[in-house]
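These notes concern the structure reproduced below.
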Amino acid sequence: MSASVSDPESQREIRKRRTFAIISHPDAGKTTLTEKLLLYSGLIRTAGLVKNRRGKAATSDWMGMERERGISITSSAMQFPYKGAMINVLDTPGHEDFSEDTYRTLTAADSAIMVLDAMKGVQAQTLKLFEVCRLRGIPVLTFINKLDMPGRDPLDLMHEVEEALGIQASAFNWPIGSGKEFAGVIDRRRDEFVLFKKTAAGGAHQAELERYRPDDPRLAARLGADLLDQALHDRELLEVAGNAYTQDDFLAGKVTPVFFGSALTNFGLEPFFDAFVELAPSPGPRPIDLAEGGEGRVDPYGEFSAFVFKIQANMDRRHRDVISFIRICSGRFTPNLVVKHHRLEREIRLSRPHSMVAQDRNTLDEAYAGDVVGLIGRDLYHIGDTLSVTGGFTHKPMPAFQPEIFARIAPKAPSLRKRFDKGMKNLIAEGAVQLVKPVDGSHDSIVGAVGRLQFEVLQYRLEDEYGVETRLDPLPYECSAWLEGDPKTFKPTTSCLMARDQRGRLLVLFRGDWDKRYAADQNPDHLLLDFA
Ligand code: G4P
């Protein structure tokens, strides 16, 4: 595809983009780290945690910004400049908000930051999200957080990252002390000891740094003999035994650069953020399917193209919009742009009612490859839809993610069956939940999701948009897998359920992980896949 964002200014803008998502287990410190990125970018002047209405930590400044903009900025993407780069942080909700959107958001990212709690290491939800990064070839940087608390041995944590994720870990900085003694980090690339001065207000302001050469005589006085000895010993050990790092291996997902710090006290953040901007890639070519057959790649500096990665219904009754978030993969977006909607086989103008909400609901007037834009328009967009100026190709289809909760759903009033069916058809096509049909026809249609919130949204939208109240009966299955191999020779477990997903592929529902592992053991000639 020929390059067509030919003006140097637009090319510079695209090169500046760093579009990433944070993957972590709840409570590892994602919110705090994001807030501190805003602090270090100068977007907020002070950081201080307050509880918002849902009991989750957020900052007062940050929440004020949300109020001003009239939309939850945490619901999509935040954009702000940091030292010459333009940062796009994509939100990957955790906790009870965890849903297929969390996974899908990763498909819109060019890199990911994995935040680990130094006490807990790699936890379940991190593993799942990492798996998606691996599947999509998204390079991952690792930030090991909460070094201000007594935690595990840093070497131990590095090993766990390698073992659990099957990736090499290369330390970019190394902690000097931990817990109350956490004094700084060794910046391994510059071979400097970076020491922190404690901030008076416990992390409300940027931490001041002092940089020393390792042989600086002042270090002994600053750190004390024991801490300095330990740090010099660690530095030597890493020189000999540490993993090498190359940018190519990082981009290929073979190695993750590791950083240690404390998001709460701001220790180690600036060196990490600076390294992130340097290492994380700007938007690159993306794989596409050509309409005439075959595959290709879209050039980020080419004509405008984008795909829909997330559809969100505003649950707030005062703003009843359904917003479809697109990730721009190539070119420049301006209001009133006329694009081809590949699935609908028609042209649409991206103006009102398709107003933009990615950054500022009213004033966004241009966006570039790497950016996220919100479009308003019901029934127009499905997950995975491609919009482009030239037409003739689609971005690769969105993968489906293993549903982990299942339920039967039916209209409360049988007379509303037709309306219910229509609503279900639209919402399933849009990607709100997955439809699962048992092969033996024993149940009515079953819906599957990766998080409970998806069912709540489904019920809410059926009532709000289609006027149908529904009854939801949960089913006792807790995980599933797509079956690859001859179904006739597959030996199912007694409690599993064989079904087909909406694309007709065989999906096996299990009562639990144990059952699933047992089925895998019993069927060595078949594959049980978590993504399809
Ligand atoms: P999440 O978005 O990943 O769920 O995590 P979040 O940032 O909300 O942090 C979870 C808890 O961990 C919060 O404490 C937060 O203050 C704390 N935390 C985050 N980073 C650090 C760190 O570097 N060191 C220490 N010691 N704690 C950290 P909380 O008690 O749940 O909330 P709050 O009462 O402090 O607001």
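Screening Phe276, Phe307 for residues that are more than 16 Å from the ligand (Cβ to nearest atom), under 14 Å from Phe172 (Cβ atoms) and either more than 23 Å from the chain's Cα centre (by Cα) or not acidic (Asp, Glu) (or both) leaves exactly one candidate, Phe276. What residue, among those in the stretch 109-129 that are closer than 27 Å to Leu458 by Cα and either of a type in the set (Phe, Trp, Tyr) or under 8 Å from the mean Cα position of the chain (by Cα) (or both), is farthest from the ligand (Cβ to nearest atom)? The qualifying residue farthest from the ligand (Cβ to nearest atom) is Ala109.
Return the residues of the stretch 171-208 that are among the aliphatic types (A, V, I, L, M) and either at pLDDT 95 or above or under 23 Å from Leu238 (Cα atoms) (or both); say none if nothing qualifies.
Across the stretch 171-208, the qualifying residues are Ala171, Ile176, Ala183, Val185, Ile186, Val194, Leu195.
Can you confirm whether Asp299 is assigned by TED's automatic domain parsing to the domain that holds Asp101, at pLDDT 90 or above and charged (D, E, K, R)? Criteria not met by Asp299. Looking only at the stretch 409-426, residues that are in a helix (DSSP H, G or I), farther than 8 Å from Val468 by Cβ and under 34 Å from the mean Cα position of the chain (by Cα) come to 5 in all.
In summary, strands (runs of 3 or more DSSP E) completely within the stretch 431-532 and bearing 2 or more residues that are closer than 21 Å to Pro414 by Cβ occur at 434-438, 446-449, 470-475. If you go through the stretch 238-272, how many residues are among the β-branched types (Val, Ile, Thr) and within 10 Å of the ligand (Cβ to nearest atom)? So the answer is 1. Restricting the stretch 82-101 to residues that are among the aliphatic types (A, V, I, L, M) and either farther than 18 Å from Ile113 by Cα or within 10 Å of the chain's Cα centre (by Cα) (or both), the residue that is farthest from the ligand (Cβ to nearest atom) is Leu90.
A Cβ distance below 7 Å, combined with a sequence gap of six or more or placement on separate chains, defines the contacts here; from the stretch 163-184, residues that are touching a residue at least 24 places away in the same chain (Cβ under 8 Å) and in the same structural domain as Ser262 (by TED's automatic domain parsing) reach residues that are assigned to a strand (DSSP E or B) and of a type in the set (S, T, N, Q) in the pairs Ile167/Thr256; Ala169/Thr142; Ala169/Thr256; Phe182/Ser262. Number of residues in the stretch 142-159 that are within 15 Å of the ligand (Cβ to nearest atom) and crowded, with 21+ Cβ neighbours inside 10 Å: the value is 9. All conditions but one from (1) touching a Leu at 6+ places or on another chain (Cβ under 6 Å); (2) over 19 Å from Pro281 (Cα atoms); (3) at pLDDT 95 or above apply to Ser99; the one that does not is (3). Among the residues of the stretch 11-46, those that are aliphatic (A, V, I, L, M) and near the ligand (Cβ under 9 Å from one of its atoms) comprise Ile22, Ala28, Leu33.
Scoring Glu162 on the criteria (1) crowded, with 20+ Cβ neighbours inside 10 Å; (2) closer than 25 Å to Gly253 by Cβ leaves a single failure, condition (1). Across the stretch 130-140, the qualifying residues are those that are aliphatic (A, V, I, L, M) and under 18 Å from Val255 (Cβ atoms), and the one among them that is surrounded by the fewest Cβ atoms within 10 Å (Cβ to Cβ) is Leu135.
The values are calculated or read from the model by the stated rules, or taken from the named source; none is laboratory data. Here the structure is a predicted model, which means the values were calculated and not measured. Heads up, the Cβs are rebuilt from the backbone with ideal geometry, glycines too, and the neighbour counts pull from every protein chain shown.
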